[in-house]
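The values are calculated or read from the model by the stated rules, or taken from the named source; none is laboratory data. None of these values were measured; they are calculated from a predicted model. Backbone-built Cβ (ideal geometry, glycine too); neighbour counts: all protein chains shown. These area figures cover heavy atoms from the full protein model, side chains too; ligands, DNA and RNA do not enter into them. Shrake-Rupley method; radii C 1.70, N 1.55, O 1.52, S 1.80 Å.
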Amino acid sequence: MQTPSTTPTPSAIEIIALTKRYGSGKPAVDSINLRIAQGSYCCLLGPSGCGKSTTLRMVAGHESVSSGDVLLENRNITDLPAAERGTAMMFQSFALFPHLSALDNVAFSLK
Ligand SMILES: Nc1ncnc2c1ncn2[C@@H]1O[C@H](COP(=O)(O)OP(=O)(O)OP(=O)(O)O)[C@@H](O)[C@H]1O
Ligand SMILES: [Mg+2]
């Protein structure tokens with residue numbers, strides 16, 4: 001039997017009051033809070049248009065944040081460019097080159 005840890009599992013990702021407004025209407029993402037523990041597997045589930053992709057894009061740096069913060073291992077990455085975040089994202093509508101192999105698709109941007 002394992003002894004319960006006295007210190008909580010560190011958060012890999014912490015989202016604090018994250019909000020995205022595209023216009024003057026209802027926010028696409030409205031002040032959400034989420035803590036994802038290191039080593040865990042997390043799924044965002046919800047109806048179409050509820051803001052899943054917008055949230056992931058804000059975490060990965062492909063969408064600006066209207067307000068709130070994104071922390072990666074306690075580092076505030078909210079305003080960092082995507083390339084400096086240490087995150088990766090597979091897009092919903094992935095743009096693969098059909099004439100390239102899987103390996104060459106992955107290698108393309110590195111080249
Ligand atoms: N670039 C944009 N400009 C304006 N509104 C947007 C933009 N992107 C998303 N939205 C709106 O923000 C809301 C959330 O969209 P989002 O794509 O994040 O939802 P989703 O949960 O990923 O939906 P789905 O399950 O269909 O992929 C929707 O109302 C959508 O119309
Ligand atoms: Mg989506």
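Of the residues that make up the range 30-38, is at least one modelled with pLDDT under 95, surrounded by 11 or more Cβ atoms within 10 Å (Cβ to Cβ) and more than 12 Å from the chain's Cα centre (by Cα)? Yes, because at least one residue in the range 30-38 is modelled with pLDDT under 95, surrounded by 11 or more Cβ atoms within 10 Å (Cβ to Cβ) and more than 12 Å from the chain's Cα centre (by Cα). For the range 74-89, the criterion of being within 13 Å of ligand 1 (Cβ to nearest atom), open to solvent by 60 Å² or more (accessible area, probe 1.4 Å) and either modelled with pLDDT of 95 or more or out of contact with any strand residue (DSSP E or B) (no Cβ under 9 Å at 6 or more places or on another chain) (or both) is met by none of the residues. Of the candidates Val70, Val65, the single residue that is touching a helix residue (DSSP H, G or I) at 6+ places or on another chain (Cβ under 6 Å), open to solvent by less than 60 Å² (accessible area, probe 1.4 Å) and not in a loop (DSSP other than H, G, I, E, B) is Val70. Among residues of the range 1-27 that are open to solvent by 100 Å² or more (accessible area, probe 1.4 Å), those with a beta-carbon under 9 Å from a residue that is at pLDDT 65 or above and in a loop (DSSP other than H, G, I, E, B) at least six positions away or on a different chain give the pairs Arg21/Pro27; Arg21/Ala28; Arg21/Ser66; Tyr22/Ala28; Tyr22/Ser66. Pairs are defined by a Cβ separation below 8 Å, a sequence spacing of at least 6 or placement on different chains, a first member in the range 42-58 that is closer than 18 Å to Gly68 by Cα, and a second member that is open to solvent by less than 60 Å² (accessible area, probe 1.4 Å) and near ligand 1 (Cβ under 6 Å from one of its atoms); the pairs so defined are Gly51/Ala28; Lys52/Gly46; Thr54/Ala28.
Taken over the range 66-86, the criterion of being in contact (Cβ under 8 Å) with a residue 24 or more places away in the chain, of a type in the set (A, V, I, L, M) and closer than 28 Å to Ser24 by Cβ is satisfied by Val70 alone. Residue count for the range 21-45, restricted to those that are touching a strand residue (DSSP E or B) at 6+ places or on another chain (Cβ under 8 Å), assigned to a loop (DSSP other than H, G, I, E, B) and of a type in the set (A, V, I, L, M): 1.
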